[in-house]
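The values are calculated or read from the model by the stated rules, or taken from the named source; none is laboratory data. Given the structure is predicted, the values throughout are model-derived calculations rather than measurements. Cβ atoms come from the backbone with ideal geometry, glycine included; neighbour counts cover every protein chain shown. Heads up: the accessible areas ignore ligands, DNA and RNA and are worked out on the full protein's heavy atoms, side chains in. Shrake-Rupley method; radii C 1.70, N 1.55, O 1.52, S 1.80 Å.
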Amino acid sequence: MSTSTITETRRHAPLVLINLAVLLSATGNGITIVALPWLVLQQTGRATDAAVVAGAATLPLLLSSLFSGTVVDRFGRRPTSLVSDALSAVSVTLIPLAAATVGLSVPLIAALAALGAAFDPAGMSAREAMLPAATRAARWPIDRVNSVYEANFNVAYLVGPGIGGVLIATVGAVNTLWVTAACFVASIAVIAFLKLEGAGVPDHDARPSSMWSGTLEGLKFVWRNRLLRTLALVDMAIVALYMPIESVLLPVYFTDLGQPAQLGWVLMAMSLGGVVGALAYGGLAARVRRRTVMLVAISVLGACMVAFAFLPPLWAMLGIAAAIGLVYGPVGPIANYAMQTRSPEHMRGRVVGVMTSTAYAAGPLGYMLAGPLIDAAGLTATAVALAVPVCVIAAVCFALPALRELDDKVAPLWTSTEDSLDE
C-alpha cells in the first residue's frame, strides 16, 4: 500500500468509526422502539400502558440531554461516548434479567426504560460533537458529512425496527433486548479505536466550571441565537406531535392486527426514505436553499400525518412512511449545519445537548395525551388531533424570518486553498 493511500485511509478513519458507532448504537435503539411497546401490550393490551412506557423512556431525555452537552464539554467526547454506551448496555440487559427472576410489570418496564434512555443523549451528543474534527480530517464539505451521518442514522432505524419485528416474532420481545445490549457493546469496541483531535479530555481552561453553570451557558447561547432558538422551538413542537404516531398509535394499530412484522416494515419504509432523502441532500445542498427544504419537510409531514389518520391499507402506509422519511431526511443535516456553524468549539457539546433536549421537552406530554385519547376516542380521532397542529406550524414557518439565516454564507470548517477545491 502506498504512503498516499495510507494517509488517505487515516484521514477518513475517524469519520468511518464515528458513523459505524452511530449505526450500532442507533440500531440498538431502533430495536427497542419496537420491542418495548410490544412487550407492554403483550402484558396488558392497553394503549395507555404503552404510552406510559414510551413517556417514561422519553421523560429522562429532557433532563439528561440538557446536561449531556456539559458532560461532553467537561469530560471529553470519546470518554463520554464509551461510558454512555456501557451504561446503556447494562440498563437494557436488566429487562431480560428481571423477566427471568422477579418478573416484569408495567412500572418496572417503565423504570428500566427510563434508566436506559437517560444515558443515550450523552453518547449521541459526544459523537455529533466530534463531526467537525472528523470533517477537517477527511476534508469533506460539511453538508456532505452531515448528509452521510444522518443517512447512516436512518439506516440504523431502517435495520433496527426490522430486526426487532422479526426477532419478536421468532424469539419474543424479552429475548430481543439481548440484541440491543450487543449493539451497545459493539459501539464501545468501535469508539475504542478512534483517534481524533479534540476527542479526549479537554484542557482545564476550556472546560465548564460546573455542570450547572455550563448548562446555563449553553441555554443562554442557544436562546440568544435567533436561528438556533427558532429551530429548537419548531423541532420541540414537531417531536411532541409526531412521536406519539410512531411510538404509540402505530404499535397499537398493528398489535390489534397481530402483525409485529408489519410495524417493523412501516418504520423501515420511513427510515429508507430518510436514507434516500439525507443522501440526496448531500448532492443537492449547493443548489437548493436550506429554508426551502425545511418548509417542504414540515408541510409534507403534516399532510402525511393526516393521511395516517384514515388507517389506510399496508401498501399505502408504506408509501406514506417513505414520503415522511424522504422529505424529512435532509432536516437532520440542516440542523447539524446550524449547530456546527453557530457554536464555538469549546461549547459545541453544550449546544448539541441543549438543542437535543428541547426536542424531547414536549415529548412526554404528547405521549401522555395520545394514550388516553386513543383509548377514549380511537386511533383516527387521535391522529387528526396530532396532525392539524403540524399543518398550522408549517404555515407559520413560512413567515419566520429567522429561517432565512439558514442560507447565510459562513466560513468552511477548513480553509486551505487545496481543500477549497474539494468544495
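Considering region 251-266 alone, what residues qualify as being in contact with a Gly (Cβ under 8 Å, 6 or more places away or on another chain), open to solvent by 20 Å² or more (accessible area, probe 1.4 Å) and modelled with pLDDT of 75 or more?
Within region 251-266, Thr255, Gln262, Trp265 qualify.
If you go through region 336-355 one residue at a time, how many are open to solvent by 30 Å² or more (accessible area, probe 1.4 Å) and touching a residue at least 60 places away in the same chain (Cβ under 8 Å)?
Of the residues in region 336-355, 4 are open to solvent by 30 Å² or more (accessible area, probe 1.4 Å) and touching a residue at least 60 places away in the same chain (Cβ under 8 Å).
Only one of these is more than 15 Å from the chain's Cα centre (by Cα) and either at positive phi or in a helix (DSSP H, G or I) (or both): Val22, Val53. Name it.
Going through Val22, Val53 in turn, the sole match is Val53.
Among the listed residues Gly198, Gly172, identify the single one that is without any contact (Cβ under 8 Å) to a residue 12 or more places away in the chain and open to solvent by less than 60 Å² (accessible area, probe 1.4 Å).
Details: Gly198 fails: without any contact (Cβ under 8 Å) to a residue 12 or more places away in the chain.
Among Gly198, Gly172, only Gly172 is without any contact (Cβ under 8 Å) to a residue 12 or more places away in the chain and open to solvent by less than 60 Å² (accessible area, probe 1.4 Å).
How about region 101-124: which of its residues are without any contact (Cβ under 8 Å) to a residue 60 or more places away in the chain and surrounded by fewer than 18 Cβ atoms within 10 Å (Cβ to Cβ)?
Thr101, Val102, Gly103, Pro107, Leu108, Ala111
From the list Ala309, Ala286, Ala269, which residue is of a type in the set (A, V, I, L, M, F, W, C), open to solvent by 10 Å² or more (accessible area, probe 1.4 Å) and over 17 Å from the mean Cα position of the chain (by Cα)? Show your work before the answer.
Values: Ala309 fails: open to solvent by 10 Å² or more (accessible area, probe 1.4 Å); Ala269 fails: over 17 Å from the mean Cα position of the chain (by Cα).
Result: Ala286 is the single residue among Ala309, Ala286, Ala269 that is of a type in the set (A, V, I, L, M, F, W, C), open to solvent by 10 Å² or more (accessible area, probe 1.4 Å) and over 17 Å from the mean Cα position of the chain (by Cα).
Among residues belonging to region 83-100 that are farther than 15 Å from Gly28 by Cα and out of contact with any Leu (no Cβ under 8 Å at 6 or more places or on another chain), point out the one that is least open to solvent (accessible area, probe 1.4 Å).
Per the stated criteria, the residue is Ala99.
Residue by residue, here is whether (1) part of a helix (DSSP H, G or I); (2) within 23 Å of Glu405 (Cα to Cα); (3) not polar (S, T, N, Q) holds:
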site	(1), (2), (3)
Gly277	yes, yes, yes
Arg291	yes, yes, yes
Met294	yes, yes, yes
Ser299	yes, yes, no
Met305	yes, no, yes
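So for region 248-259 (the condition being under 14 Å from the mean Cα position of the chain (by Cα), closer than 23 Å to Ala156 by Cβ, touching a residue at least 24 places away in the same chain (Cβ under 8 Å) and part of a helix (DSSP H, G or I)), does at least one residue qualify?
No, the conditions are met nowhere in region 248-259.
Have a look at Pro372, Pro333 and point out the one that is open to solvent by 40 Å² or more (accessible area, probe 1.4 Å) and either modelled with pLDDT of 85 or more or part of a helix (DSSP H, G or I) (or both).
Residue meeting the stated conditions: Pro372.
Please indicate, with yes or no, whether at least one residue in region 201-214 is under 25 Å from Ala133 (Cβ atoms) and within 24 Å of the chain's Cα centre (by Cα).
Looking through region 201-214, at least one residue is under 25 Å from Ala133 (Cβ atoms) and within 24 Å of the chain's Cα centre (by Cα).
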